[in-house]
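A.B. asks: First the structure, which I've put down as C-alpha cells, then a few questions once you've had a look.
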Amino acid sequence: MQIVELTEIGGYEEELANLFEEIVAAGASMNYLYPMQHETALAYWQHVLSEHVRLFICLLDGKIAGTVQVQLSDKENGQHRAEIAKLMTHPDAQRKGIARKLLQHAEQAARQEGRTLLLLDTEKDGPANVLYQSEGYVLFGEVPAFAQDAFGKYKDGNFYYKKLI
C-alpha cells in the first residue's frame, strides 16, 4: 500500500474516473447521482486540482484503491482550517485499512500546511462514522435530509471536526 500525492492528474485520469463511477454505483453519492456518466467523472478529476486542494491516492498492487482530498480554506479568517473531502475506497479494496491510511495521511498534509482544524461531513448512517470517531473526530451536528444518496433518497448528514495539535 502506497500513498502518493498527485500534483497533476496525468495518466491517472481514467482510473480515477472509473473509481468514482464505482463508488457512486455502490451507493455513495459523493455529490453525484447514479448512474454517473463517465464524462462527468472525467470532468470532475480534470478540474479538481487547485492551489487550495491537495489530492492523495492509495496504490494497491499498482492500481488506485482510494483517494482523499485536503481542501484548504481560502478565507482570510480561515487559514487555520481545512476540509477532508472525497475520501473513497474502491468497493473491492474495502476493509483493508485504506481509508484510515488515507485519512491519517491527509491529516499530516494539513499539519504541514499549518492547519489546526479539520472539518468533514458524511452520511449519518454510513459506515464512515465509525472510522471518523475512531480517529478522534468529534460529531458537532446533524442536518436532516442534508443530501441525496446516489439513488436519490434523502439522507441525514453528520458533521465532524478535529483539532490538530
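The values are calculated or read from the model by the stated rules, or taken from the named source; none is laboratory data. Source: prediction; values computed, not measured. Cβ coordinates were reconstructed from backbone atoms using ideal geometry, including for glycine residues, and neighbour counts include every protein chain displayed. Each accessible area value is taken on the protein alone, full model and side chains, heavy atoms only, with ligands, DNA and RNA left out. Shrake-Rupley method; radii C 1.70, N 1.55, O 1.52, S 1.80 Å.
A.B. asks: Which whole-Hz couplings ³J(HN,Hα) result when phi for each residue of segment 121-135 is put into the Karplus expression 6.51 cos²θ - 1.76 cosθ + 1.60, θ = phi - 60°, listed in order with x for Gly and Pro?
C.D. replies: Per-residue couplings from phi come out as 9, 7, 5, 3, 9, x, x, 5, 4, 4, 4, 4, 5, 5, 9 Hz.
A.B. asks: Sticking with this structure for a sec: Using a probe radius of 1.4 Å on heavy atoms only, what accessible surface per residue do you get for the chain? Whole Å² is fine. Could you put the intermediate results ahead of the total?
C.D. replies: Values: 9020 Å² over 165 residues.
That works out to 55 Å² per residue.
A.B. asks: Here is a follow-up. Kirkwood Rh, Cα Rg: Rg to Rh for segment 101-155? Numbers along the way, then the final one.
C.D. replies: Numbers: Rg = 13.3 Å, Rh = 12.9 Å.
Here Rg/Rh amounts to 1.03.
A.B. asks: Along the Cα-to-Cβ line of ALA25, 7 Å from the Cα, sits a label point; which residues in segment 88-116 have backbone N less than 16 Å from it?
C.D. replies: Answer for segment 88-116: 89-94.
A.B. asks: Which GluC sites (Glu not before Pro) from segment 7-47 combine a DSSP loop assignment with at most 12 other Cβ atoms within 10 Å?
C.D. replies: On the way: sites: GLU8, GLU13, GLU14, GLU15, GLU21, GLU22, GLU39; in loops: GLU8.
Listed in order of number, the matching sites are GLU8.
A.B. asks: Another question about this same structure. Pop out the ³J(HN,Hα) list for segment 58-63 in order, Karplus 6.51 cos²θ - 1.76 cosθ + 1.60 with θ = phi - 60°, rounded to Hz; leave Gly and Pro as x.
C.D. replies: 10, 9, 10, 6, x, 10
A.B. asks: Right, here's the next one. Quick check: the distance between the Cα centres of segment 62-76 and segment 1-20, to the nearest angstrom?
C.D. replies: 11
A.B. asks: Continuing with this model, one more query. Identify, among ALA109, GLY152, PRO35, the residue whose Cα sits farthest towards the positive end of the charge dipole of the chain, taking +1 on the Cβ of Lys and Arg and -1 on the Cβ of Asp and Glu, with the dipole about the Cα centre.
C.D. replies: ALA109
A.B. asks: Distance in nm between label sites at TYR154 and SER50, each 7 Å beyond Cα in the beta-carbon direction?
C.D. replies: That separation, rounded to one decimal, is 2.9 nm.
A.B. asks: Just to check I understand the Karplus step: with θ = phi - 60° and J = 6.51 cos²θ - 1.76 cosθ + 1.60, what whole-Hz values come out for segment 65-72, glycine and proline as x?
C.D. replies: With the stated coefficients, segment 65-72 comes to 9, x, 9, 7, 10, 10, 9, 7 Hz.
A.B. asks: I'd like the Kirkwood hydrodynamic radius of segment 1-47, using the inverse of the mean 1/r over distinct C-alpha pairs, in Å. The partial results should precede the final answer.
C.D. replies: Numbers: mean 1/r = 0.0892 Å⁻¹.
Here the Kirkwood hydrodynamic radius works out to 11.2 Å.
A.B. asks: Another question, then. Provide, for the chain, the number of lysine pairs with alpha carbons under 25 Å apart, each pair being eight or more places apart or on different chains.
C.D. replies: Taking the chain as the scope, the lysine pair count is 22.
A.B. asks: Now a separate question. So how far apart, in nm, are the two label points at GLN94 and GLN79 if each is 7 Å from Cα heading toward Cβ?
C.D. replies: About 4.1 nm separates the two model spin labels.
A.B. asks: Percent of accessible area on the chain owned by carbon and sulfur, 1.4 Å probe? The partial results should precede the final answer.
C.D. replies: Numbers: 4300 of 9020 Å².
The nonpolar share, carbon plus sulfur, comes to 48 percent.
A.B. asks: Here is a further query. Suppose each label sits 7 Å from its Cα in the direction of the beta carbon; what would the GLU13-GLN104 distance come out to in nanometres?
C.D. replies: Here the answer is 3.4 nm between the modelled labels.
A.B. asks: Okay, next question. Can you tell me the Rg and the Dmax, both Å, for the Cα atoms in the chain?
C.D. replies: So, for the chain, Rg and Dmax equal 15.2, 42 Å respectively.
A.B. asks: Also, quick follow-up: If you put +1 on each Lys and Arg Cβ and -1 on each Asp and Glu Cβ, how big is the dipole of segment 1-160 around its Cα centre, in Debye rounded to 20? Present the calculation step by step, with values, prior to reporting the outcome.
C.D. replies: Working: 14 positive and 23 negative charges, 102 e Å.
Charge dipole, segment 1-160, about its Cα centre: 480 debye, nearest 20.
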